[in-house]
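For reference, the structure discussed in these notes is given below.
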Amino acid sequence: MTQISGKILVTGGAGFIGSHLVEHLVGLGAQVVVLDNFRNGKRENLAASGAIEVIEGDIVDGATCRRALEGVATVYHLACLGVRH
């Protein structure tokens, strides 16, 4: 199995797809930061993901995004309101 080094940000990481990506990245050894406002995502989706940093906030807030991006090498941008919005 390939190991990943470096810090990775997953926006929308508490959603269905995002949480599965987070779990996979953690399994590969990545240090993962999740940025989610929990409007659609659920905290329990992250329960099995191991040691991750969770930042509750919105991607439209510049200060929150800057904080989430500190030391990050890669971003997976999955945050969205969803198809029903």
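The values are calculated or read from the model by the stated rules, or taken from the named source; none is laboratory data. A quick note: this is a predicted structure, and the numbers were derived from the prediction, not measured. Because the Cβ atoms are built from the backbone with ideal geometry, glycine has one as well, and the counts that use them run over all protein chains shown. All accessible areas refer to the heavy atoms of the entire protein, side chains included, with ligands and DNA or RNA removed. Shrake-Rupley method; radii C 1.70, N 1.55, O 1.52, S 1.80 Å.
Carbon and sulfur atoms: what percent of the 1.4 Å accessible area of the chain do they account for? Carbon-and-sulfur percentage of accessible area, whole number: 54. For region 1-73, the list of trypsin sites (Lys or Arg not before Pro) that fall in a loop by DSSP and count at most 16 other C-beta atoms within 10 angstrom reads R39, K42.
Relative to 2.2 N^0.38 Å, what does the C-alpha radius of gyration of region 1-40 come to as a ratio? Two decimals please.
Numbers: Rg = 10.2 Å, N = 40, 2.2 N^0.38 = 8.9 Å.
In units of the 2.2 N^0.38 Å rule of thumb, it is 1.14.
Derived scalar couplings between HN and Hα for region 57-73 equal x, 10, 5, 7, 9, x, 5, 5, 5, 4, 5, 5, 8, 4, x, 7, 9 Hz in order, rounded to whole Hz, by the Karplus curve 6.51 cos²θ - 1.76 cosθ + 1.60 (θ = phi - 60°), x for Gly and Pro.
In order along region 36-53, phi translates into HN-Hα couplings of 8, 9, 6, 6, 10, x, 10, 4, 5, 5, 9, 4, 8, 8, x, 7, 10, 9 Hz, rounded to whole numbers, per the Karplus curve 6.51 cos²θ - 1.76 cosθ + 1.60 with θ = phi - 60° and x for Gly and Pro.
Each of S19, G71, A47 was placed along the dipole of the chain (beta-carbon charges, centred on the mean Cα), and the one lying farthest toward the positive end is S19. Computed over the alpha carbons of the chain, Rg followed by Dmax gives 12.0, 38 Å. Here's how it looks for Q31: its modeled amide H is under 5 Å from those of G6, I8, which are all 5 or more places away or on a different chain. Would you please give the FRET efficiency between H24 and E70, computed as 1/(1 + (r/R0)^6) with r the Cβ-Cβ distance and R0 = 25 Å, to the nearest 0.05? Efficiency at R0 = 25 Å is approximately 0.65.
Pairs of alpha-carbon atoms within less than 8 angstrom and 6+ residues apart define the contacts here; what relative contact order does the chain have, in percent?
On the way: 155 pairs, mean separation 31.7, N = 85.
Answer for the chain is 37 percent.
With both labels modelled 7 Å from their Cα along Cα-to-Cβ, the I4 to F16 distance reads 2.1 nm.
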